[in-house]
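The values are calculated or read from the model by the stated rules, or taken from the named source; none is laboratory data. All figures in this text were calculated on a predicted structure; none of them were measured in a lab. Backbone-built Cβ (ideal geometry, glycine too); neighbour counts: all protein chains shown. When the accessible area is computed, the model is the full protein with side chains, heavy atoms only, and any ligands, DNA or RNA have been set aside. Shrake-Rupley method; radii C 1.70, N 1.55, O 1.52, S 1.80 Å.
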Amino acid sequence: TMAHSKALLVLENFIAGKFVPCSSYIDSYNPSTGDVYCRVPDSGKEEVEAAVKAAKAAFPVWSSKSPLERSQILNKLADLIEHDLEAFAQAESKDQGKTITFARTVDIPRAVYNFRFFASSILHHTTECTEMATVGCVHYTSRAPVGVAGLISPWNLPLYLLTWKIAPAIACGNTVVAKPSEMTSVTAWMMCKLLEKAGVPHGVVNVVFGTGAKAGEALVCHPDVPLISFTGSTLTAQHITEKSAPHCKRLSLELGGKNPAIIFDDADLTQCIPTTLRSSFANQGEICLCTSRIFVQRGIYSEFLKRFVAEAKKWKVGNPSDPTVDVGALISKEHLEKVRSYVKKAQAEGARVLCGEGVDSLALPTGNQKGYFMLPTVIAEVKDESCCMQEEIFGPVTCVVAFDTEEEVIERANSVKYGLAATVWSSNVGRVHRVARRLQSGLVWTNCWLIRDLNLPFGGMKASGIGREGGKDSYEFFTEVKTITIKH
């Protein structure tokens, strides 16, 4: 197989402004074919140590630049990524399995916007000042970057979520060591190639590739990395919290959800059905904000279900590089098996699978027979206590159940350990506000989904995480505040 491996893409770590080979590598698969297509460094303590050292060395100069100087560099990086948008989109689709359409219209444009947004917001933060005339004192606050930020990003929106961390971290004057998911590292590596051209000094952004167990662990345990921003599973976050506790690290944790869509009988179904299909199945359902529990008021339940299933069956599954495809491949063979197992459990519990997995047959193009594909799957008559209604499935599977009263649906929507996002569909303004107030959820969308103003706080309650990120929130997380009192 040595001859075969010559054709594979081989990634290298990016440390102190240079690409550095690694002593061992792991395979990364193309999810739409099931073939190995890339070798990713299997970094550990040594590589993380080198990256942290480089980041520490770069910190004094980078942190002393003015916000305007940093802003100009971030804007230049945004321009360079945008210039290569198509190449980035192709790479993201191939590496992650998502459709080329989604990568082109969502992932890469948002990565570009992440840099532009923080390049702008960094120029507009102000500090506070108060006076105490009676004792002749003035107090003011000053904010400074913290140091080396450890950034760990997931495989579902690879460049989108990595840049959502890198942009605010470096805009605020920190230097970073980033670890993307070992399953989707290609676009991060491509971005590294643009850093020098954008004017990012060596050592400001270091990227170490590898697994959570080795590279992630080394980063979280490193005494010279005072803050960690992590997006991923609640289980991994518990581990990160334990490992970082002895060092009193600052943590920002974004951990997924089990998000309800609540559809009242006065909802506009012409808007609600297409949007709820997207909120269930976009990006193969691999978005932490996807709705996987759909509560429909009894009066419209059967009509909603009939129309929803009919539309779900129209979604086309296949080769992600085909622009007419709606659903690409899931990230890995293991993940596909896990998602399928939930559908089997639901059936075993007596729920009805109305379309998708195990009900309809999936015809794939010749080259994609071994890919990790699954049809959009709708399950009805699931009990609230079922694992399908309690646990995050993270695939193209959604459960639809009926409810009677507003009071009842709020209680049921809140009866899971997660609290990230919720959607509410109703034309009654009073009801919308009442329900939004009472949902235990960091984000509530009404009559829409996934419309984001990056100024506003993003994050979840309960097991969905700790902290918020957004214009002001990211600034607060990535800087250290100091209160200064002067007696005159």
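Per residue, how much accessible area does the chain have with a 1.4 Å probe, in Å²?
Details: 20030 Å² over 488 residues.
Averaged over the residues of the chain, the accessible area is 41 Å².
Through the Karplus equation 6.51 cos²θ - 1.76 cosθ + 1.60, θ set to phi - 60°, convert the phi angles of segment 344-355 into ³J(HN,Hα) values in whole Hz; use x for Gly and Pro.
Per-residue couplings from phi come out as 4, 4, 4, 4, 4, 7, x, 6, 9, 8, 8, 6 Hz.
What are the residues whose amide H is under 5 Å from the amide H of ASP35, where those residues sit 5 or more places off or on another chain and H is modelled from the backbone?
Here ASN30 satisfy the definition.
What's the percent breakdown of Cα-Cα distances in the chain across 10 Å bins, shortest bin first?
4, 19, 28, 25, 16, 6, 1, 0, 0
Per DSSP helix of 4 or more residues, -39500 (n - 2.57); summed, then divided by the residues of the chain. What does that give at 222 nm, rounded to the nearest 500?
Helices in the chain give a 222 nm mean residue ellipticity of -11500 deg cm²/dmol.
Given a 1.4 angstrom probe, I'd like the percentage of the accessible area of segment 259-446 that is carbon and sulfur, rounded to a whole number.
Details: 3730 of 7570 Å².
Of the solvent-accessible surface of segment 259-446, carbon and sulfur hold 49 percent.
Under a 5 Å amide H to amide H cut-off, with H placed in plane at 1.01 Å, what residues pair with PHE403 once short-range neighbours are removed?
VAL296, GLN297, ARG298
Given LYS193/LYS472; LYS214/LYS383; LYS345/LYS417; LYS197/LYS482; LYS65/LYS487, which pairs have Cα atoms separated by over 28 Å? Walk me through the numbers on the way to the answer.
On the way: LYS193/LYS472 30 Å; LYS214/LYS383 39 Å; LYS345/LYS417 20 Å; LYS197/LYS482 35 Å; LYS65/LYS487 30 Å.
Among LYS193/LYS472; LYS214/LYS383; LYS345/LYS417; LYS197/LYS482; LYS65/LYS487, the Cα-Cα distance tops 28 Å for LYS193/LYS472; LYS214/LYS383; LYS197/LYS482; LYS65/LYS487.
When the label point is put 7 Å from the Cα of ARG431 along its Cα-to-beta-carbon vector, which residues of segment 289-312 have a backbone N closer than 14 Å?
Within reach of a label on ARG431: 295-301.
Would you mind checking which residues have amide H under 5 Å from VAL205's amide H? H placed 1.01 Å from N; only 5 or more apart, or other chain.
Those qualifying (amide H under 5 Å, at least 5 residues apart or on another chain) are VAL176.
When a/c reaches 1.5 or more, the comparison of a/b and b/c decides; with that in mind, is segment 118-181 rounded, prolate or oblate per its Cα gyration tensor? Let's see the in-between values first.
Working: a/c = 4.12, a/b = 2.99, b/c = 1.38.
The shape class here is prolate.
Expressed as an acute angle from 0 to 90° and rounded to the nearest 10, what is the orientation of the C-alpha long axis of helix 45-63 relative to the principal long axis of the chain?
Its long axis makes an angle of about 60 degrees.
What angle, in degrees between 0 and 90 and rounded to the nearest 10, separates the Cα long axis of helix 298-312 from the longest principal axis of the Cα atoms of the chain?
Compared with the principal axis, the helix lies near 80 degrees.
For a quick check of understanding: with a 1.4 angstrom probe and all protein chains in place, what accessible area in square angstrom does ARG278 have, to the nearest ten?
Number for this one is 110 Å².
Apply the a/c threshold of 1.5 to the C-alpha gyration tensor of segment 110-242 and tell me whether it is rounded, prolate or oblate.
It is prolate, given that a/c is not under 1.5 and a/b is the larger ratio.
Helix 85-96: angle to the longest alpha-carbon principal axis of the chain, degrees 0 to 90, nearest 10?
60
Can you tell me which of 214-223, 76-85, 199-208 comes out highest on packing, and rank the rest after it, using the mean Cβ neighbours within 10 Å?
199-208, 214-223, 76-85
What is segment 259-446 by shape, rounded, prolate or oblate, if you read a ≥ b ≥ c off the alpha carbon gyration tensor as root eigenvalues and call it rounded for a/c under 1.5, prolate for a/b larger than b/c, and oblate otherwise? Spell out each step's value before the answer.
Details: a/c = 1.83, a/b = 1.66, b/c = 1.10.
Since a/c reaches 1.5 and a/b is larger than b/c, the shape of segment 259-446 is classed as prolate.
Which order do SER386, SER64, SER341, SER23 take when ranked by solvent-accessible area (1.4 Å probe, heavy atoms of all protein chains), largest first? Don't skip to the answer; put the middle values down first.
Working: SER386 5, SER64 90, SER341 40, SER23 115 Å².
Descending accessible area places them as SER23, SER64, SER341, SER386.
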